[in-house]
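Engineer: I am attaching a structure below and will ask some questions about it afterwards.
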Amino acid sequence: SMAQDPTFDRRDALRAALAAGAIAAASRLAFAQGAEGPRLVVYLSRSGNTRVIAGALARRFGADVFELRPREPWPADYDEMVAWARRLRESEADVPLAGSLGDIDRYRTVFLGFPGWRTDLPAVTRGFLRGHDLSGKTVVPFITYGSSGEGSSMRTLRALAPDARLVEPFVLRCDQERSTLDSLNAWLDGVGEPL
C-alpha cells in the first residue's frame, strides 16, 4: 500500500488529494462547456505541484501531455530562479522551448497548467501561447501559486489566446520553496554552533 511505501510521504498524499480535487473541478468545467474530442495537457512546473495535477488530468481524460521547458535550463537556485523569472517578465521576451509540440490543430480541449510567477503568466507559457493558435479550442487553465495568487495571468492568457473558449481556472495554493528555505535557514541559525 502507499502507506507502507517509504517513497510515498505525507506531501505526496497531499498532492494526490489536491490533484483529485483539480480533476473533479476540471471535469465539471470542461464537460459543462460541452468539450469533446482529443484532449491535450500542456503544463509548466518547477517544483512539481503543477506536474501532479497535469498527470492526474492526463490519466482522467486519456489526454496527450506536453511539458513546457525552456531550451536553456532555468537556475536551480530558488533566488536565482526568481530573479531570472522577473527579468523575463519585465522584458516580455519569449523563451525558446526545449521541445516541440507539433500539430495542435487536432486537439479540441487544451488543459493549460502553470505556476503564477509574481502575479503573471510565466514567460515560458507566454512563449508557448504566442507560438500556438488556440482559436476555437476549449482551454481549461489550472494555476498553482505560492504567494501571489492568480494575479493578472488570466488577463494575459486572454490577450494571447483571444479566440479560445476559456473556462474559469482551477487555482490552487501550494507549498512555496521560499517558505521552506526560510524555515530551514531559521533552524540552522538557531542551532548555534558550526555543523
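Engineer: Looking only at residues that are in contact with a Ser or Thr (Cβ under 8 Å, 6 or more places away or on another chain) and basic (K, R) in region 136-175, which one is modelled with the lowest pLDDT?
Structural biologist: Only one residue tops the list, namely R173.
Engineer: Within region 101-131, how many residues turn out to be surrounded by 16 or more Cβ atoms within 10 Å (Cβ to Cβ) and acidic (D, E)?
Structural biologist: 1
Engineer: On to the next question. Between a first residue in region 87-109 that is more than 16 Å from P75 (Cβ to Cβ) and a second residue that is part of a loop (DSSP other than H, G, I, E, B) and hydrophobic (A, V, I, L, M, F, W, C), which pairs have beta carbons less than 6 Å apart while being 6 or more apart in sequence or on different chains?
Structural biologist: Close Cβ pairs (under 6 Å, with a partner that is part of a loop (DSSP other than H, G, I, E, B) and hydrophobic (A, V, I, L, M, F, W, C)) amount to T109/A35.
Engineer: What are the residues in region 138-159 that are farther than 26 Å from S179 by Cα and open to solvent by 10 Å² or more (accessible area, probe 1.4 Å), if any?
Structural biologist: Answer for region 138-159, where residues must be farther than 26 Å from S179 by Cα and open to solvent by 10 Å² or more (accessible area, probe 1.4 Å): R155, T156, R158, A159.
Engineer: For L188, work out the one condition from (1) buried (at least 16 other Cβ atoms within 10 Å of the Cβ); (2) out of contact with any Asp or Glu (no Cβ under 7 Å at 6 or more places or on another chain); (3) among the aliphatic types (A, V, I, L, M) it doesn't fulfil.
Structural biologist: (1)
Engineer: Also, quick follow-up: State yes or no: is L181 in a strand (DSSP E or B), modelled with pLDDT under 95 and either touching a Leu at 6+ places or on another chain (Cβ under 7 Å) or not β-branched (V, I, T) (or both)?
Structural biologist: So L181 does not fit the description; no.
Engineer: Related question: Does at least one position in region 33-46 carry a residue that is in a helix (DSSP H, G or I), at pLDDT below 90 and either of a type in the set (V, I, T) or open to solvent by less than 40 Å² (accessible area, probe 1.4 Å) (or both)?
Structural biologist: For region 33-46, residues in a helix (DSSP H, G or I), at pLDDT below 90 and either of a type in the set (V, I, T) or open to solvent by less than 40 Å² (accessible area, probe 1.4 Å) (or both): absent.
Engineer: I want to confirm something. Restricting to region 49-100 and keeping residues that are among the basic types (K, R) and part of a helix (DSSP H, G or I), which single residue is surrounded by the fewest Cβ atoms within 10 Å (Cβ to Cβ)?
Structural biologist: Checked region 49-100; the qualifying residue surrounded by the fewest Cβ atoms within 10 Å (Cβ to Cβ) is R87.
The values are calculated or read from the model by the stated rules, or taken from the named source; none is laboratory data. Model, not experiment: these values are computed from the prediction. Note that each Cβ is placed from the backbone with ideal geometry, even for glycine, and that neighbours are counted across all protein chains shown. Areas reflect the complete protein model, heavy atoms only, side chains present, ligands, DNA and RNA absent. Shrake-Rupley method; radii C 1.70, N 1.55, O 1.52, S 1.80 Å.
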